1. Run the dipole for the stretch 137-283 about the Cα centre, Lys and Arg Cβ at +1, Asp and Glu Cβ at -1, nothing else charged, and hand back the magnitude in debye, nearest 20.
2. In the stretch 220-283, carbon and sulfur make up what percent of the accessible area (probe 1.4 Å)?
3. Under 16 Å Cα to Cα from LYS2, which lysines show up? Leave out anything in the same chain fewer than 8 places away.
4. Using θ = phi - 60° and the Karplus relation 6.51 cos²θ - 1.76 cosθ + 1.60, list the HN-Hα couplings for the stretch 144-159 in order, rounded to whole Hz, with x at every Gly or Pro.
5. Can you give the alpha-carbon Rg of the stretch 137-283 over 2.2 N^0.38 Å, where N counts its residues?
6. Evaluate the distance, in nm, between pseudo-label points positioned 7 Å from the Cα of ARG17 and of ASP76 along their respective Cα→Cβ axes.
7. Under 4.7 Å Cβ to Cβ, no partner at all: give me those cysteines from the chain, in residue order.
8. Roll a 1.4 Å probe over the protein heavy atoms and report the accessible area of VAL113 in Å², nearest 10.
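The values are calculated or read from the model by the stated rules, or taken from the named source; none is laboratory data. Everything numeric in this text was worked out from a predicted model, so none of it was measured. Positions of Cβ are generated from backbone atoms using ideal geometry, with glycine treated the same way; all protein chains shown enter the neighbour counts. The accessibility values were calculated without ligands, DNA or RNA, using every heavy atom of the protein model including side chains. Shrake-Rupley method; radii C 1.70, N 1.55, O 1.52, S 1.80 Å.
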Amino acid sequence: MKLVSWNIQWARGCDGRVSTGRIARALNDFADADVICLQEVARGHDDLPGLTGDDQVAQFAALFPGHSPIFAPGADSLRPDGTRRQFGNLTLSRLPVLAAWRHLLPWPADGAVPSMQRACVEVVLDGPAGTLRVLNTHLEYYSRLQRLAQIEALRALNAEAQAHAKAPPAAKASDGAFAAVPRPAAALLCGDFNCEPGSDEYMRLVAPGASPEARWHDLWQHCHGTVAHADTVGLHGCDWPGRRFCCDFALATAPLLPRVQAVEVDQSTAASDHQPVWVKLAD
């Protein structure tokens with residue numbers, strides 16, 4: 001099973017051209033992904049460079065017709081013409097999506113900097129080796145205060161899921177809204193965390209918690225040991241960030257670690273200002 005996480009900057013490449021088709025080609029050229037986790041997907045925006053109100057959720061759904069799209073906008077606002085503009089995370093899965101939850105992350109006031117509402121989309125997938133959760137997120141860029149609050153929320157979400165795995169809610173057969181769905185302990189968290197390895201935010205993200213099962217483990221370290229994280233931004237002359245570093249990660253809970261075979265970064269593509277992070281799991 002292959003999964004990829006990529007902040008696509010609304011499909012805007014280092015050449016300034018917007019193309020969801022180019023994003024799809026870059027993904028397919030590198031590998032055939034069963035699960036695609038994209039950040040910075042836009043719908044209804046004409047105020048971002050290169051966009052004219054495009055519905056990128058629909059575009060990606062058409063480009064990957066064998067995948068089910070689950071979209072979680074963080075920012076969602078009214079346009080002057082009465083339609084909506086949305087910006088958030090899109091998960092596309094070839095595997096059956098048994099359940100999906102769209103979590104709004106904390107957004108504490110920090111008036112000194114720009115910021116926007118952020119989200120995390122969590123799906124339960126029916127994979128060949130059993131069910132697993134995949135969480136796709138994008139944390140605040142400008143505000144460290146907000147990033148830390150969002151990291152605490154991701155830690156809490158995982159602790160909650162571990163508790164559900166141990167004590168699932170009772171089913172109520174007479175009401176489909178209460179139908180029992182699994183929330184397994186095996187989970188993968190990926191996205192753009194807007195912090196670097198070794199930063200306070202990163203160290204809090206991977207810190208132990210009350211339950212060993214609820215700890216997020218960095219898959220780069222799991223697979224590559226002490227080798228420095230591969231850079232995920234600053235590689236191809238984009239107008240941001242002006243230097244190379246890593247801020248895009250894939251993490252997993254302990255129950256999933258035995259299935260993790262590889263994690264790598266595609267540093268060849270210039271279809272976004274970020275690079276895709278690929279994870280291979282044993283079936």
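1. In debye, rounded to 20, the stretch 137-283 gives about 480.
2. Here it works out to 49 percent.
3. By straight Cα distance, LYS2 reaches LYS280.
4. 5, 4, 6, 4, 5, 5, 5, 5, 4, 5, 5, 5, 5, 4, 5, 4
5. 1.18
6. 3.4 nm
7. If one checks each Cβ against the other cysteines of the chain, CYS37, CYS120, CYS190, CYS195, CYS223, CYS246, CYS247 turn up with nothing under 4.7 Å.
8. The value for VAL113 is about 50 Å².
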